[in-house]
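What follows is a short report on a single structure.
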Amino acid sequence: MPKDFKVPLLDKYDGSYDPSDHVDVFQSQMHLAGADEACMCMAFSITFKGLAWAWYKNLTPGSIKSWGQFVDMFTANFTTSKKCPKSQESLLNVVPREGKSIRSYIKRFNETCLQILEFNPTVRLTAAQKGVTHKELRWYIKVNRPKTITEFLALAEKFISTEEELN
């Protein structure tokens, strides 16, 4: 590793979230810093803590021969922490929670959408509309008839903002 090389500061990985996300962030930062694969192999372990550090310490010295192998071993070991993509049908389970705001429903709906790898925009719009239980918002959506999810979200935001101003 070059003497003047500084490893970018990253959140330490503890095994509690998708290891691929950690690898992606690490690789991006290291590439920006001009690091090669050998440098990444040497620096990767300093981004570990907890279970990840314990796993690393138990590796046989000299067992890592390449960056690709290190990534494969790391992601395989923490595979149970990987995010499972959701299906379009999971959007139908996102409904407003009792006593929670419309904004929190829209936020949870959008967060669920981000976990779906491929989806039909029409299904997304239909599921978003179906999940609305607030009587006035349902009426507002019916009157304005959004044709896209973007239009729906803009209408919902306008409605929410107006409601928040009045309260």
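The values are calculated or read from the model by the stated rules, or taken from the named source; none is laboratory data. Everything quoted here is computed from the prediction, not taken from an experiment. Counting neighbours? That spans all protein chains shown, and the Cβs are built from the backbone with ideal geometry, glycine included.
Side notes on the structure shown:
- Within the set Arg97, Arg103, the sole residue that is basic (Lys, Arg), under 20 Å from the mean Cα position of the chain (by Cα) and under 30 Å from Tyr140 (Cβ atoms) turns out to be Arg103.
- Residues (more than 16 Å from Phe74 (Cβ to Cβ) and assigned to a loop (DSSP other than H, G, I, E, B)) located in the range 5-48: Phe5, Lys6, Val7, Pro8, Leu9, Ala33, Gly34, Ala35, Asp36
- Any hit, the range 20-39, residues being over 27 Å from Gln115 (Cβ atoms), exposed (fewer than 12 other Cβ atoms within 10 Å of the Cβ) and of a type in the set (Gly, Ala, Ser): yes
- Residue ID - farthest from Asn93 (Cα to Cα), chosen from residues in the range 140-154 that are out of contact with any Leu (no Cβ under 9 Å at 6 or more places or on another chain) and surrounded by 12 or more Cβ atoms within 10 Å (Cβ to Cβ): Ala154
- Lone qualifier among Ser28, Ser45, Ser16 - being within 29 Å of Pro85 (Cα to Cα) and touching a residue at least 40 places away in the same chain (Cβ under 8 Å): Ser16
- The set of residues in the range 131-167 being modelled with pLDDT of 90 or more, of a type in the set (D, E, K, R) and under 21 Å from Glu98 (Cβ atoms) consists of Lys135, Glu136, Arg138.
- Selection from the range 101-155 of residues that are part of a helix (DSSP H, G or I) and among the polar types (S, T, N, Q): Ser104, Asn110, Thr112, Thr122, Thr126, Gln129, Asn144, Thr150
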